[in-house]
Amino acid sequence: MENNIKAKKKFGQNFLKDSSILTRIIQSMPNNKNHIVEIGPGLGDLTQNLVKYKDTTAYEVDTDLISILESKFATEIENERFKLIHTDVLEAWDNKGTLHDSKYDLIANLPYYIATNIILRAFEDINCENIIVMIQKEVAQKFSAKVGDKEYSSLGVITELISKESRILFDVPPESFDPPPKVMSSILYVSKDTNVALDKDFNKFLKVCFSQPRKKLSKNMSSLIDKETLSNIYNELNLKETLRPHEVSASLYSQMYTKVKYGKQRS
Ligand code: SAM
């Protein structure tokens, strides 16, 4: 590997080496004036393409990669086209709440061990408008799943509610990386609806709803609320008692949550 760097498993390092994939990612970038944020620039292959088009900020946790990136992008750092931040991106979010102080699009080949967490944080980040990320295919399917799909879960519900559009752009095979990951990858695209902010406890509610995916939704919800409240909610929303978690639309989950929360506040 370049610069005698050995990929570190603990940081989820699989470097994208297929230039045709890099080109397709760049071609998928939204046509707007937003800043770019990249998480995990690695050896800088995607970064090199991003900085050609837009001002970019990148967050990298691995100290060994920082000096390589600093010398590779010395000119871009000097003329402020590129800003490199040496930190754990989740800590940056904890400290500042956002990864950039104006509108940005997140474009990255994510470390898979924290990919779900990163995407959920990007959903909450009010400055993040669009997300184009490489993640494990199975995870991308969960985020882009719609009601009725077998992959539909709390992630699909949240994505549906906070986005104008979400889909898988294309798949990427293990051979496109060095070292190759054990799984198939996909590029997930989410265009956020920036007018929507989800209640912080909504995710917890969904986790309960999907806790036993094959059981009836009413059974899962019975651990959360008493029988009578549950039956009232089903009546008010005109729901069949036999519904399973994957058969309920995102907007119905949102209405149910409001009723559960409102019912609890009254009691
Ligand atoms: N962008 C490069 C590419 O496409 O070849 C590397 C992608 S590699 C899958 C993931 C990158 O995320 C690595 O550079 C890794 O060091 C970095 N990384 C892992 N955990 C991180 C964290 N918590 N915060 C910031 N970067 C992280």
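The values are calculated or read from the model by the stated rules, or taken from the named source; none is laboratory data. Here the structure is a predicted model, which means the values were calculated and not measured. When we count neighbours, we look across all protein chains shown, and the Cβ atoms used for this are built from the backbone with ideal geometry, even at glycine. For accessibility, only protein heavy atoms count, side chains too; no ligands or nucleic acids. Shrake-Rupley method; radii C 1.70, N 1.55, O 1.52, S 1.80 Å.
Within segment 223-243, track down each residue that is in a loop (DSSP other than H, G, I, E, B) and loosely packed, with under 14 Cβ neighbours inside 10 Å.
SER223, ASP226, LEU237, ASN238, LYS240, GLU241, THR242 - these are the residues of segment 223-243 that are in a loop (DSSP other than H, G, I, E, B) and loosely packed, with under 14 Cβ neighbours inside 10 Å.
Can you tell me which of ASP125, ASP101, ASP199 is over 15 Å from the mean Cα position of the chain (by Cα) and free of Cβ contacts under 8 Å to residues at least 40 places away in the same chain?
None of the other options fit; the residue is ASP101.
Against the conditions (1) surrounded by fewer than 17 Cβ atoms within 10 Å (Cβ to Cβ); (2) within 22 Å of the chain's Cα centre (by Cα); (3) closer than 22 Å to TYR112 by Cβ, where does TYR59 fall short? Just the number, please.
For TYR59, the exception is condition (1).
Being in contact with a helix residue (DSSP H, G or I) (Cβ under 7 Å, 6 or more places away or on another chain), part of a helix (DSSP H, G or I) and within 10 Å of the ligand (Cβ to nearest atom): is that true of LEU46 here?
Spelling it out, LEU46 is indeed in contact with a helix residue (DSSP H, G or I) (Cβ under 7 Å, 6 or more places away or on another chain), part of a helix (DSSP H, G or I) and within 10 Å of the ligand (Cβ to nearest atom).
Which numbered condition in (1) near the ligand (Cβ under 8 Å from one of its atoms); (2) part of a helix (DSSP H, G or I) is the only one that PRO41 fails?
So PRO41 meets the others, but not (2).
Would you call LEU69 more than 7 Å from the ligand (Cβ to nearest atom), crowded, with 18+ Cβ neighbours inside 10 Å and more than 22 Å from ILE131 (Cβ to Cβ)?
So LEU69 passes the test.
Residue check: is ARG167 free of Cβ contacts under 8 Å to residues at least 40 places away in the same chain, open to solvent by 60 Å² or more (accessible area, probe 1.4 Å) and part of a strand (DSSP E or B)?
Spelling it out, ARG167 is indeed free of Cβ contacts under 8 Å to residues at least 40 places away in the same chain, open to solvent by 60 Å² or more (accessible area, probe 1.4 Å) and part of a strand (DSSP E or B).
Specify the residue that is nearest to the ligand (Cβ to nearest atom); the eligible residues are those in segment 82-98 that are open to solvent by 20 Å² or more (accessible area, probe 1.4 Å) and touching a strand residue (DSSP E or B) at 6+ places or on another chain (Cβ under 7 Å).
Here the answer is THR87.
From the list GLN13, GLN27, exactly one residue is modelled with pLDDT of 95 or more, within 21 Å of PHE177 (Cβ to Cβ) and more than 13 Å from the ligand (Cβ to nearest atom). Which is it?
When all the criteria are applied, what remains is GLN27.
Scan (1) at pLDDT 95 or above; (2) of a type in the set (S, T, N, Q); (3) open to solvent by 80 Å² or more (accessible area, probe 1.4 Å) for the single condition ASN4 breaks and write down its number.
(1)
Would you say ASN34 is open to solvent by less than 20 Å² (accessible area, probe 1.4 Å) and either touching a residue at least 24 places away in the same chain (Cβ under 8 Å) or in contact with a strand residue (DSSP E or B) (Cβ under 9 Å, 6 or more places away or on another chain) (or both)?
Spelling it out, ASN34 is indeed open to solvent by less than 20 Å² (accessible area, probe 1.4 Å) and either touching a residue at least 24 places away in the same chain (Cβ under 8 Å) or in contact with a strand residue (DSSP E or B) (Cβ under 9 Å, 6 or more places away or on another chain) (or both).
Evaluate segment 183-190: report whether one residue or more is open to solvent by less than 50 Å² (accessible area, probe 1.4 Å) and away from the ligand (no atom under 16 Å from the Cβ).
So far as segment 183-190 goes, yes, one or more of its residues are open to solvent by less than 50 Å² (accessible area, probe 1.4 Å) and away from the ligand (no atom under 16 Å from the Cβ).
Looking only at segment 20-37, which residues are under 20 Å from the mean Cα position of the chain (by Cα) and charged (D, E, K, R)?
Listed by number, the list holds a single entry, ARG24.
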